[in-house]
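Okay, so here's the structure we're looking at.
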Amino acid sequence: MTTALAAAALAVPAQAHHRSSDNPLPTVTPRAETPVLHDDEAGGNADADDPAIWRNAAAPGRSLVMATAKEGGLRVYDLDARPVQSIAAPPAAGEDDAPGRFNNVDLVQGLRLSSGRADLAVTSDRGHDRLRFYRIDRDRAGGPLTDVTDPAAPPVFSRDQAEINDQRTAYGLATWTDPASGKSFALVSRRERTSIALLELLPAAGGKVTYRKVRSLDLPSTFRLPDGTSWSPCGEPGELPQVEGMVVDPADGTLYAGQEDIGIWRLRADLTGTPKLIDTVREYGVPGVYDEETEECAPGADPGFGGTKVSADVEGLTLVTESDGDGYLLASSQGDDTFAAYDREVGDDNEYEGGFRVAPAHSALDGSEECDGAAALNAPLGAKYPNGLLVVQDGHDAPGDGDRPATNFKFVDLGTVLDALDD
C-alpha cells in the first residue's frame, strides 16, 4: 500500500522565517580519520558516504565502524580508524547492467535467524535496488562481516532489470526494531523520488536474511508557500526531491527523514499518520531554472520563506540518545559545512538546540566538508572514546591528492560535541 500526501494536507511552516546573524558556531576537532578513498578508476570508484557504529558489548574498546564506499563497497574500521575489512559491492547482473553501489548502512541487533540470533550490518545497494545483509562476528577469521543476504531477496522498488538500470532505486536507509512486536524493519528511500518503503526483515534458509514490503509512503514534491503560491525545488527534469538521511528513535518509533532540498520530516516509523516538517532548509521556496547546458539550477530571488539553521542538502541524520529521554537529533547541513542539533523529545517539538562545525585538528587532520552521512553512539567505547563517538563523512579530504576526488570519515569524541552544544 502506498500513501501519497497532498501539499495542502501537510503541517508545514506557515510563516516566513526571518534571517538572523547568529553568533559563530562552536567547533570540534576530530581525533582520527580513515584512509582516503578516491572516486576514480585507480581508486576503485570508492566514495565515502555513510557510517554506522557497532558496539562490542564484551569489549567496548574493540568496537567497529562500518561505512559505505558506494561502488567501492563496504569498509570496516577499528576505533583507531584503521581498515579491518573491505567488502566489494556485487558485480553487475549483466554486461550492460548497473554495478553494485552501497549507499547507506545501518545496524540491527539480535535478529533471529535460522542459525541463531545475530547482529547485522544492513546496506542499501543502489546498483541492484536491494538490501544486503552482513552478519557481525568480531573475531571471525577473514574479517568480522559475512554476507548473509538471501540470493532471492527481491528488488525494493523496481519491477525488472530495466527499471533497476534507471537507478531510481534503494537509496537512504534506517533500521528499526518495534519493541511491542519484536519485529525488525528497514526504512528505505528511493533515489530521485519522494518514496519511503517499510520493509520487514525476515529469516531465510541457511542463516540468510530477506525482507517483504509492508507499505510505502510518498512525501510531497510540491509545497504551498505562505504567500499562497506553489513551489517545487529546481532539479533536473523528471527528478523529484529525494530523501537520503534517515534515523529512527528507538524509544518511540519516530522516524526523522531528511528530504535534501526541503528539510527534516518527523513521522511514525510504521509510515502511518501525517508527517510534519520540523525545519526547512534556507533555500526552501527559492525559485530556480534548470540550465540544460550547465546541468545546474540558476536560483531566483529568495522570498524569505526558508529556515535559518540548515542549508541544502540536509543530509546525514543521527541520534544522540540519553536514558532519561533527553538527547539530540543531529543533521548534516551540507550547504554550509555545519551540523544542527534539535531536541530529541517530540514533546518539545524538536526545538533547535544549537550547532557546530567539525574543524581541522592540524595540517594533517582536516575537518568535515559537504558531509553526507553521520553516526553517533552515546556509550563508552573503551579508553579512546569513553564519552562516545561521532563519525562524520568528509566530502573533501585535505590535503588530498591533486585533482583526484578524495573522501573519508572523521572520528570525533562525542563528549566534545555535547560540551559544545551545552555552552
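The values are calculated or read from the model by the stated rules, or taken from the named source; none is laboratory data. Just so you know, these numbers come straight off a predicted model, no measurement behind them. As a convention, Cβ positions derive from the backbone with ideal geometry for all residues, glycine included, and neighbour counts pool all protein chains shown. Ligands, DNA and RNA are excluded from the accessible area calculation, which covers all protein heavy atoms including side chains. Shrake-Rupley method; radii C 1.70, N 1.55, O 1.52, S 1.80 Å.
Of the residues making up region 82-103, those that are without any contact (Cβ under 8 Å) to a residue 24 or more places away in the chain and within 16 Å of Thr149 (Cα to Cα) number 2.
One line per residue, one yes/no per condition, for (1) within 15 Å of Glu71 (Cα to Cα); (2) open to solvent by less than 10 Å² (accessible area, probe 1.4 Å); (3) touching a Leu at 6+ places or on another chain (Cβ under 8 Å):
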position: Gly100; (1), (2), (3): yes, yes, no
position: Asn104; (1), (2), (3): yes, yes, yes
position: Ser115; (1), (2), (3): no, no, no
position: Asp119; (1), (2), (3): no, no, yes
position: Thr123; (1), (2), (3): yes, yes, yes
position: Asp129; (1), (2), (3): yes, yes, no
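On the basis of being open to solvent by 40 Å² or more (accessible area, probe 1.4 Å), out of contact with any His (no Cβ under 7 Å at 6 or more places or on another chain) and either within 30 Å of Arg117 (Cβ to Cβ) or touching a residue at least 40 places away in the same chain (Cβ under 8 Å) (or both), does Arg159 make the cut? Judged against the criteria, Arg159 is not a match.
Filtered by the rule that a residue be of a type in the set (A, V, I, L, M) and open to solvent by less than 10 Å² (accessible area, probe 1.4 Å), region 137-146 gives a lone residue, Leu145. Among the residues of region 214-238, those identified as surrounded by 16 or more Cβ atoms within 10 Å (Cβ to Cβ) and either at pLDDT below 95 or over 22 Å from Leu317 (Cα atoms) (or both) are Phe223, Arg224, Leu225, Trp231, Ser232, Cys234, Gly235.
Quick grid of which residues meet (1) in a strand (DSSP E or B); (2) touching a residue at least 12 places away in the same chain (Cβ under 8 Å); (3) within 17 Å of the chain's Cα centre (by Cα):
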| site | (1), (2), (3) |
| --- | --- |
| Ala331 | yes, yes, yes |
| Ala340 | yes, yes, yes |
| Gly347 | no, no, no |
| Asn350 | no, yes, no |
| Gly355 | yes, yes, no |
| Ser368 | no, yes, yes |
| Asp372 | no, yes, yes |
| Asp397 | no, yes, no |
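Under 6 Å between Cβ atoms, which residue pairs at least 6 apart in sequence (or on different chains) link something in region 258-271 that is on the phi < 0 side of the Ramachandran plot with a partner that is among the basic types (Lys, Arg) and modelled with pLDDT of 95 or more? Going by the 6 Å Cβ cut-off, the qualifying pairs are Arg266/Lys276. Screening Thr308 with (1) open to solvent by less than 30 Å² (accessible area, probe 1.4 Å); (2) free of Cβ contacts under 8 Å to residues at least 12 places away in the same chain gives one miss only, at (2).
Filtering region 325-359 to residues that are open to solvent by less than 50 Å² (accessible area, probe 1.4 Å) and of a type in the set (A, V, I, L, M) leaves Leu329, Leu330, Ala331, Ala340, Ala341, Val358, Ala359.
If the condition is being in a loop (DSSP other than H, G, I, E, B), closer than 18 Å to Arg224 by Cβ and of a type outside the set (Asp, Glu), then region 277-299 contributes Tyr284, Gly285, Val286, Pro287. Residues of region 31-71 that are in a loop (DSSP other than H, G, I, E, B) and of a type in the set (Ser, Thr, Tyr): Thr34, Ser63.
Within the span defined as region 80-89, one or more residues are open to solvent by less than 10 Å² (accessible area, probe 1.4 Å) and either out of contact with any Leu (no Cβ under 8 Å at 6 or more places or on another chain) or under 25 Å from Phe409 (Cβ atoms) (or both). The strands (runs of 3 or more DSSP E) found wholly in region 97-193 and carrying at least 1 residues that are on the phi > 0 side of the Ramachandran plot occupy 102-113, 116-125. Within region 314-324, is even one residue of a type in the set (Asp, Glu), open to solvent by 30 Å² or more (accessible area, probe 1.4 Å) and at pLDDT 95 or above? Checked region 314-324: no residue is of a type in the set (Asp, Glu), open to solvent by 30 Å² or more (accessible area, probe 1.4 Å) and at pLDDT 95 or above. For region 325-358, the set of residues classified as at negative phi and either touching a Pro at 6+ places or on another chain (Cβ under 9 Å) or at pLDDT below 95 (or both) consists of Asp326, Glu345, Val346, Gly347, Asp348, Gly355, Phe356, Arg357, Val358, listed by residue number. Of all the listed residues (Ala420, Ala376), the sole one being open to solvent by 10 Å² or more (accessible area, probe 1.4 Å), among the hydrophobic types (A, V, I, L, M, F, W, C) and more than 17 Å from the chain's Cα centre (by Cα) is Ala420.
Evaluation of Glu244 against the conditions (1) in contact (Cβ under 8 Å) with a residue 60 or more places away in the chain; (2) open to solvent by 20 Å² or more (accessible area, probe 1.4 Å); (3) in contact with a Lys or Arg (Cβ under 9 Å, 6 or more places away or on another chain); (4) of a type outside the set (Lys, Arg) shows that the sole unmet condition is (2).
In region 247-274, which residue that is of a type in the set (Val, Ile, Thr) and under 23 Å from Asp336 (Cα atoms) is most open to solvent (accessible area, probe 1.4 Å)? Applying the filter and picking the extreme gives Val247.
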